[in-house]
Amino acid sequence: MQFRARFRALLAALAGLLVLPTGGFAALPAGGETTEQTICRLIETSASAEALPVDFFTRLIWRESSFRPGVTSPAGAKGIAQFMPGTAAERGLEDPFDPEAAIPASAGYLATLRARFGNLGLAAAAYNAGPTRLARWIADGGYLPLETEDYVLFITGRPVAEWAAKGREAPAAPTPAPIGPGEIDAGMARPGTGARAPRISAVKTAMADCATTVAAIRKSAPRIYDGVYAPYGVQLAGNFSKARAIAAYERQAGRFPALLAGKPTLILGSRAPGRGRHAFYRVRLPAGTLKEASAFCRDLKRAGGNCVVLRN
């Protein structure tokens, strides 16, 4: 009986942790979503809600952060969708480091930019350079930052100048097309007018889902986009209630500030088999190696905390 109890406890640890209201732990069913699958689900759901092509939105989010929810750029942009503080406030985004909030906010912002500038290529340019700067470039000419030109080309497969050409729908497909974003905003409007240009059928390609798009990006540029997040994570709390998962983590952080204060954490809800559409929310501390994750978890346990090391 004692052996069986230890075996069940081991399986529970390997499957994941569920923090109960009392602070105890129970097993999460095995075979749930990976971190990347969760992010892709959020991308696909948000893209659908705002009528954005999934491959376009996937490439934009990847270009922003390589799917890393906890990053901050040197300019101060935060989270998986790289919101600047002012833009986050304008969009009502309280926590840009929360992918469940940031990804839908990003899709909504892109839809707003598309409505303003007439097509998705210019929406992407405005997302990167800022709408004021893009509007000035459209009105007065000159140059956009090279970063913005590269950004739009990576996401759409076409130069930003082609997207800005008046009287044209979708620009002619580039040669070669870099990973084939689908028919992005076919029926492209003239910038600032909302008028639709004649349809051009040459730009139609097969639309790709998020996972397929990410795989293509990795294959084409593995040295530039070498990972979506840390390969290992120290799971500090988890619950089917997001608020309870966060509260459980905050209790641990309050008990062990020397170990947890200021540490970057990932809060993400993943679906598990047999649980329908209910997400299981995990609070994890990213780690670059298994050794690093194991050492941190060991120190936390020695101090009296709870954790488990899992591969992301």
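Given a Förster distance of 45 angstrom, what is the FRET efficiency for Thr112 paired with Arg311, based on the Cβ-Cβ distance and rounded to 0.05?
E(calc), rounded to 0.05, equals 0.75.
Karplus couplings for the stretch 68-81 from phi (6.51 cos²θ - 1.76 cosθ + 1.60, θ = phi - 60°), rounded to Hz, Gly and Pro as x?
Running phi through 6.51 cos²θ - 1.76 cosθ + 1.60 with θ = phi - 60° gives 9, x, x, 7, 10, 7, x, 7, x, 6, 10, x, 5, 9 Hz.
What length, rounded to one decimal in nm, is gained on full extension from Lys219 through to Phe240, with 0.36 nm per residue of separation minus their alpha-carbon distance?
Computed gain between Lys219 and Phe240 is 4.1 nm.
Near Ala75, within a Cβ-to-Cβ distance under 14 Å, what is the net charge of the other residues, with Lys and Arg +1 and Asp and Glu -1?
0
Return Ile39, Ile267 ranked ascending by Cβ neighbour count within 10 Å, so the fewest neighbours appear first.
The most exposed by this proxy come first: Ile267, Ile39.
Please find the FRET efficiency linking Leu290 to Ala51, where r is the Cβ-Cβ separation and R0 is fixed at 45 Å, and quote it to the nearest 0.05.
Once rounded, the FRET efficiency stands at 0.60.
Coordinate-derived values only; no laboratory data. For clarity, every value in this text was computed on a predicted model and none was experimentally measured. All Cβ positions, even for glycine, are placed from backbone atoms using ideal geometry, and neighbour counts span all protein chains on display.
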